[in-house]
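To start, the structure itself, in C-alpha cells.
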Amino acid sequence: MRNLILSFSLFLGALPSLSYGQADPAAAPQFWSVEWGDTDFSKNAIDSWTEVLSGGPPKDGIPAIDAPQFIFVADERDIGDREPVITVEIEGAEPRAYPIRYLTWHEIVNDTVGGLPIAVTFCPLCNSGITFDRRVGGQVLSFGVSGKLRNSDMIMYDRETQSWWQQAIGQGIVGVQTGTQLTKLPSWMESWAEFKARNPDGIVMAEPTGFQRPYGQNPYEGYDSSDRPFLFNGEMPPHGIEPLERVVRVGDRAWPLTRLAETEEITEAGVRITWRAGQASALDKRSIKVSRDVGTVRVFDAETGENLPHDVMFAFAYHAFWPNGDWMLGG
C-alpha cells in the first residue's frame, strides 16, 4: 500500500438505475459552487454528500481528450504487444483501438465513429472500461472528468448541462440529468497483439499532444494487488472474494475472473464468456509492458453470438453499485 500511495502522489504531481434518497442540496459543500456554479444540486441521487470525495485533481485536472487523432495499426511502434487497449468495432467504420496507456492519464475520450458520437471511458481505481453513446434526448453531450469520486469510481460531467454522471453505471447522479441512463455500447479490453491480429487494417488512437504525461507508465503501481481500494470505505464483497479481484459484469450479474480463468469459457444466464491469456494488467508494475498477465475477456450473446456490453471491474466496485447483484460462482 505504501508503494501505491507514493505512486498515486506522483500521479497527482504530474497533473496540472440505483435507488438512492436525495441529499439535501443545502448540505453540498459551498466551495463546490466555485467550480460548479451551473450545476443544479437540487436534483440529485445521492444519499449523503459525504459519499462524494475529491480524488485530488480539480475539475478537468485530468483532461479528457476531444477529437482524438488516429494512425494505422502498421504505423504504431511504441505500444507493447501485451498492453491493453479498449476496442470499438462499429459497423461501417474502421475498428478502433484506444490504448489504456493514454486512458490512464485522461480517463475519457470523446469521439465520433461511423457518425455515432461515443465516449470511451476508463476508471483506473475500479478498472472499469465502458463505452457510451453520447446522445441524450436529441442532444449530443461531451464529457469531462470532474475530479470527484464515489465508491472510488470516477464521476464524469457533461459540459452542456454541467450534470454529474457515475461512470460505472452510466447514470446521471447530480443536476438536470439526474436519473438519465446513458446507452452502453459493446466494447472490450484486449491486448494490442490481439487487436492487430484481428484488425491489420484498423486504426489506433495516436499519442495525445500538448500534454506532459509519461504514457506507458502506470501511476498506480501495485494497486491491483493491494488489500484495499483507494478512497473507499464501503462494504467489502461477500463470499470471501477479494475486493480487488476482477469480475466480469454483465448487467447485474458478476463472474469472478478466477473462475473464468480456470475453465476459459462459461455459457450460462444467456451469455457466453471466454478468457484467453495474453493481456497485461494496467495497474500492476510501473511499466505496463511488463505487468502481469490478467487475460482477455470477451462476452457474447449465447444465442446470436453478438458482442454484449460488459465491464471487467474490481469486485468492490461491483458490490458497491450492485449490492443485490447476482454473484455467478458456479458449483
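The values are calculated or read from the model by the stated rules, or taken from the named source; none is laboratory data. Bear in mind that the values here come from a model prediction, so they are computed numbers and not experimental data. Please note: Cβ atoms are built from the backbone with ideal geometry, for glycine as well, and neighbour counts cover all protein chains shown.
Any residue that is under 16 Å from the mean Cα position of the chain (by Cα), assigned to a loop (DSSP other than H, G, I, E, B) and closer than 26 Å to GLY56 by Cβ - is there at least one of those in segment 232-254?
Yes, there is a match, as at least one residue in segment 232-254 is under 16 Å from the mean Cα position of the chain (by Cα), assigned to a loop (DSSP other than H, G, I, E, B) and closer than 26 Å to GLY56 by Cβ.
List every residue pair whose Cβ atoms sit under 8 Å apart, with the two residues 6 or more apart in sequence or on different chains, where the first one lies in segment 113-138 and is among the acidic types (Asp, Glu) and the second, anywhere, is at pLDDT 95 or above and not in a strand (DSSP E or B).
ASP133/LEU182; ASP133/THR183
Give me a count of the residues in segment 275-300 that are assigned to a strand (DSSP E or B), farther than 15 Å from ARG101 by Cα and within 20 Å of the chain's Cα centre (by Cα).
Here the count works out to 7.
Would you say GLU76 is at pLDDT 95 or above, among the acidic types (Asp, Glu), within 26 Å of VAL294 (Cα to Cα) and surrounded by fewer than 21 Cβ atoms within 10 Å (Cβ to Cβ)?
yes
Between a residue in segment 45-67 that is under 17 Å from GLN162 (Cβ atoms) and any residue that is of a type in the set (Lys, Arg), which pairs come within a Cβ distance under 7 Å, given they are 6 or more apart or on different chains?
VAL52/LYS148; VAL52/ARG150
So which of PRO16, PRO29 is in a loop (DSSP other than H, G, I, E, B) and either more than 27 Å from TYR215 (Cβ to Cβ) or modelled with pLDDT of 90 or more (or both)?
Details: PRO16 fails: either more than 27 Å from TYR215 (Cβ to Cβ) or modelled with pLDDT of 90 or more (or both).
Only one candidate qualifies: PRO29.
In segment 263-286, which residues are surrounded by fewer than 18 Cβ atoms within 10 Å (Cβ to Cβ), within 18 Å of MET189 (Cα to Cα) and out of contact with any Ser or Thr (no Cβ under 6 Å at 6 or more places or on another chain)?
GLU264, ARG272, THR274, ALA277
Select from segment 238-262 the residues that are out of contact with any strand residue (DSSP E or B) (no Cβ under 8 Å at 6 or more places or on another chain) and surrounded by 12 or more Cβ atoms within 10 Å (Cβ to Cβ) and list them in ascending order. If you could, list the steps in order and put the result at the bottom.
In the first step, residues of segment 238-262 are kept if they are out of contact with any strand residue (DSSP E or B) (no Cβ under 8 Å at 6 or more places or on another chain); the result is 240, 242, 251, 258, 262.
The answer is GLU242, GLY251, THR258.
Exactly one of (1) surrounded by fewer than 16 Cβ atoms within 10 Å (Cβ to Cβ); (2) over 30 Å from ALA26 (Cβ atoms) is unmet by SER54. Its number?
Going through the list (1) surrounded by fewer than 16 Cβ atoms within 10 Å (Cβ to Cβ); (2) over 30 Å from ALA26 (Cβ atoms), SER54 breaks only (2).
Taking THR87 as the residue in question, decide whether it is at pLDDT 95 or above, part of a strand (DSSP E or B), in contact with a helix residue (DSSP H, G or I) (Cβ under 8 Å, 6 or more places away or on another chain) and closer than 20 Å to VAL299 by Cβ.
Here the answer is yes, as THR87 does meet what is asked.
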